[in-house]
Amino acid sequence: MSSVIGYYTTKFGELWDKSLFDLVEEAIKGVLENSRLERRQIDAIFFGNMLAGVLENNLHSPSRIAEIIGTNIPIFRVEAACASGGMAFHLANNYLKANPGKTVMVLGGEKMTDYSPEETTEALMSASSGEEQEAGLTFPGLYAVMANYYLEKYGYDEENLAYIGYKNHLHGSLNDRAHFQKKVSVEDVLKSSYVACPLKVLDCSPISDGAAAVIISNDKKIVGRSEKQIQILASEVATDTISLKTRKSLGEILATKIAGDKAFKESKLNRKKINVAELHDCFSIAEILAMEDLGFWEKGEGGRVVKTLVSLYDSGSGLAVNTSGGLKAAGHPVGATGIKQIGEIFLQLTGQAGRRQVKKARCGLTQNVGGSGGTAVVSIFAV
């Protein structure tokens, strides 16, 4: 079994003065320092990135990373839309299963704000089907379709969605690396402008820059002297159709359900054992669906339960969700998101989360989604 033994994240946000590889270099240096490792001790690197090939005309990022780290180790670029970071981690974990006594760095990074909103939106839509693109749909539009279906089917309204933004901005206000560190009220969310009805500005994650990195290892010597570590109990992937029209249901993300079930089976953990989860709240409806699809809430109950705020970091309910601020407040530099999620679980389970620390957190879960649910990665950790 492998362990996460170090984590670093840059600040997420509109980082005008830094390039993608400036951010990557900061993450590399930061995670090595935090892990007390030297570059020569890293046996391979997995780099999650979605948009460099589209926006920056750079598909050979591993060679650029080799320049930064100064070694000739294997470096792999992984692309799975907004699940690129989670998929990079999944593949790195499998690499370690096949290679005992190794130590691997998993990176995620994205530079999105140097381009016009139109350019970035068009690049992001490369994760949707051609038919959806031709119809003029964007991801807010696709998730709005799912949100409208869910609200109508279960008799909820936009206020139910607004509690996600309220909670995650509260968490983000406690995270000094978050894109947004300001609290908002439920009323603020409801008063914000529509992006794609029923989703408003404060229901949607932002366009962000950032990079994050974790070190994972099954080298007994390195793991044995690590002061802070968490075990990787499971990391599972499932894929589904790229377009909504061919899904079995608009009220779920089937890939999440499948990957989640596989991860819980592999980990041998009961769902009630999970104390903290980082979920892919690209839009408010996505967190509600994730809580149901992962089996934490009953199907159709999420819209009601979310208003009780049981998933706040200090609620004492047993499961805190998106303590980093989630994608909504911490930000969403798409290739880095899945790594930041794992890093937040690392901080929580090792008691390093500061003002947002969940008491007695022992087990954690991450869910990273690509596109409108075409890919899902679910990983489970414990101390």
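First measure r as the distance between the Cβ atoms of residue 54 and residue 17, then evaluate 1/(1 + (r/R0)^6) with R0 = 25 Å and state the FRET efficiency to the nearest 0.05.
On the way: r = 22 Å, r/R0 = 0.90.
Efficiency, rounded to the nearest 0.05: 0.65.
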Original post:
Relative contact order for segment 225-383: what is it in percent, counting Cα pairs under 8 Å that are at least 6 residues apart?
Top reply: 37 percent
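Which value in Å is the Kirkwood Rh of segment 155-275 over different Cα pairs? Provide the component values of the computation, followed by the final result.
Numbers: mean 1/r = 0.0543 Å⁻¹.
Value: 18.4 Å, from the Cα pair sum.
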Original post:
Separation between the residue 308 and residue 227 pseudo-spin-labels, each 7 Å from Cα along Cα→Cβ, expressed in nm?
Top reply: 4.0 nm
**OP:** Give, rounded to the nearest 20 debye, the magnitude of the charge dipole that the chain has about its Cα centre when Lys and Arg contribute +1 at Cβ and Asp and Glu contribute -1 at Cβ.
**Re:** 1860 debye
Subject >> Sites matching trypsin sites (Lys or Arg not before Pro) across segment 14-74 that sit in DSSP coil, with at most 14 neighbouring C-beta atoms within 10 Å >> reply: 36
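In segment 152-247, what GluC sites (Glu not before Pro) fall in a loop by DSSP, with at most 12 other Cβ atoms inside 10 Å? Could you put the intermediate results ahead of the total?
Details: sites: 152, 158, 159, 187, 227, 236; in loops: 227.
Hits after loop and neighbour filter: 227.
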**OP:** Give the residues of segment 18-52 whose amide nitrogen is closer than 17 Å to a point set 7 Å from the Cα of residue 352 in the direction of its Cβ.
**Re:** 26-39
Original post:
Under a 5 Å amide H to amide H cut-off, with H placed in plane at 1.01 Å, what residues pair with residue 233 once short-range neighbours are removed?
Top reply: 380, 381, 382
Subject >> Sequence-separation-based contact order of the chain, relative, with Cα cut under 8 Å and 6+ spacing, percent >> reply: 27 percent
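When each pair of different Cα atoms in the chain is counted once in the 1/r mean, what is the Kirkwood radius in angstroms, to one decimal? Don't skip to the answer; put the middle values down first.
On the way: mean 1/r = 0.0494 Å⁻¹.
Result for the chain, one decimal place: 20.2 Å.
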**OP:** Enumerate the residues in segment 205-230 having an amide nitrogen under 19 Å from the point lying 7 Å beyond the Cα of residue 98 toward its Cβ.
**Re:** 216-219
Original post:
Tell me, how many Å apart are the Cα centres for segment 95-142 and for segment 246-276?
Top reply: 22 Å
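If the limit is 27 Å between Cα atoms, which of 153/273; 102/228; 18/167; 200/272 go over it?
Details: 153/273 30 Å; 102/228 18 Å; 18/167 30 Å; 200/272 32 Å.
Among 153/273; 102/228; 18/167; 200/272, the Cα-Cα distance tops 27 Å for 153/273; 18/167; 200/272.
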Original post:
What nm value, rounded to one decimal, do you get for the distance between residue 40 and residue 73 when each label is placed 7 Å out toward the C-beta?
Top reply: 1.3 nm
Original post:
What list of whole percents do you get for P(r) of segment 242-383, with Cα-Cα distances grouped in 5 Å bins up to the one holding the largest distance?
Top reply: 2, 10, 21, 25, 22, 14, 4, 1, 0
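Computed from the coordinates by the stated procedures, all read-outs in this text should not be read as laboratory data. Everything numeric in this text was worked out from a predicted model, so none of it was measured. Cβ atoms come from the backbone with ideal geometry, glycine included; neighbour counts cover every protein chain shown.
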